Amino acid sequence: MSSGHGADSAPAPNRHDDTRTTSLTVKGGMFRSLRVRNYRLFATGQVVSNTGTWMQRIAQDWLVLSLTGSSAAVGITTALQFLPMLLLGLYGGVIADRYPKRRLLLFTQAAMGVTGLALAVLTLSGHVQVWHVYLTALALGVVTVLDNPARQAFVVEMVGPADLRNAVSLNSANFQSARLVGPAVAGVLISALGSGWAFLLNGLSFLAPIAALLLMRNGELHKVDRAPRGKGQLREGLQHVAGRPELIWPIVLVGFIGTFGFNFPIWLTAFVNDVFHADASAYGLLNTVMAAGSLAGALLAARRGTSRLRLLIGAAAAFGLLEVMAALAPSFWVFAALLVPIGMCGLTINVTANSGIQLASDPALRGRVMSLFMMVFMGGAPLGAPLVGWVTDVYGPRVGFLAGGVVSLLAAAGIGLALARAGDLRLKVDLRRGHRHVAFVAREPSARQEAVTTAA
């Protein structure tokens, strides 16, 4: 297979060496990235495999619970799936920067399909044991270490920097759509035929992204120089992030919110059981409502043409405030209604941070930067969940949810001030009609600074 670089006879590829700006001019509407043939193939394959992935998540948890009768065993399965990203995520980024991302994705998608098929064979043959599920969950987590940074960084190679934000938004819409469909299909399959058939369909679903990758045209990919093999590449990626406020602070913000603000499985089950005294159907309804809000947020994000840090900070602050409001909600329906904008804000945070960080990164280091982003975002939840769960158990669901919202709100405020200081900005409040009421503006130079400038 070719390396993924454009042929000499193809139109000159966009090298997009200068990707520090996030305000590129774009036209074409909400679904403009789908005009790109390679991305259209990619998105089609992903919607099929994402649906299968959500089916497997539901079936896997149900199977473990059926085999052990233990919720702790379900937690162990989840931890095993996310632990490799926490421990090895940065190394996955190094590999993603060294090799053609299309070729890496062919390997990772095939490996993920094999894990689903192996679990299907064990379950349908009646030989499955809980350690089999643990092993496949761990294997899936190891493959994800490589798949995540390669898949995230490959998006810009398909669509270019101008449409990156739109493509990231559509990827999120794709994932949230599958989140609405996959669990429902899995529920029907498990009830009618058993978990094994859900695993089988998930394994087969990876044929779609593999076919999409094989059908792509190399000459239409935007060229990005790959990093040569060498020492210190992991340290190089970390130094690149540490020296750039537009990279380090959004990653820190996502880390706080991912660790303390995204523990919805804990909070939603606790509110259903202990606050509203409802049943499993109510829990399913809350998940569906939140997924619908996330889908709406993804589609709204696809309409925007820029990835601004002020949007990220504003969405994070609104996310924290809405969580505080939901924690104090007086009734089930008020609580459910608040989950819609919470889902929208959470998705806006993810899309804005993802696309902004990619565009602000050196193309040769993008895989390493995105591996750090995904490690912080996905790896934070297993660390924060025990603490959030303890607070929820000891002090009640309302206090647990309230704490998560307060941490998110404080993180947004603190990092917003840090970014303002780094950009030499100040907060301006203007209550006049027709003016922007709250905004960050450039500081006016002091008389002493003007004197120094004039003398120079």
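The values are calculated or read from the model by the stated rules, or taken from the named source; none is laboratory data. What you see is a predicted model; the values in this text were computed from it and never measured. Here Cβ is always computed from backbone atoms with ideal geometry, including for glycine, and neighbour counts include all displayed protein chains.
Being surrounded by fewer than 21 Cβ atoms within 10 Å (Cβ to Cβ) and closer than 23 Å to Pro84 by Cα is the filter here; which residues of segment 386-396 pass it? Scanning segment 386-396 gives Pro386, Leu387, Gly389. Screening segment 31-58 for residues that are surrounded by fewer than 17 Cβ atoms within 10 Å (Cβ to Cβ) and over 18 Å from Ile210 (Cα atoms) and picking the one that is modelled with the lowest pLDDT gives Phe31. For segment 123-138, give me each residue that is surrounded by 19 or more Cβ atoms within 10 Å (Cβ to Cβ) and part of a helix (DSSP H, G or I). Residues satisfying the conditions are Thr123, Val133, Thr136, Ala137.
Per-residue answers, yes or no, for (1) touching a Phe, Trp or Tyr at 6+ places or on another chain (Cβ under 9 Å); (2) farther than 22 Å from Asn166 by Cα:
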position	(1), (2)
Ala316	yes, no
Gly320	no, yes
Trp333	no, yes
Leu338	no, yes
Thr348	yes, no
Thr352	no, no
Gln358	yes, no
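Taken together, the residues in segment 335-385 that are in contact with an Asp or Glu (Cβ under 6 Å, 6 or more places away or on another chain) and either among the hydroxyl-bearing types (Ser, Thr, Tyr) or crowded, with 20+ Cβ neighbours inside 10 Å (or both) amount to 3.
Could you please let me know if Pro330 is in a loop (DSSP other than H, G, I, E, B) and free of Cβ contacts under 8 Å to residues at least 40 places away in the same chain? The answer is yes for Pro330. On the stretch given as segment 88-141, residues that are in contact with a Gly (Cβ under 6 Å, 6 or more places away or on another chain) and either closer than 16 Å to Leu200 by Cβ or of a type in the set (Asp, Glu) (or both) total 7.
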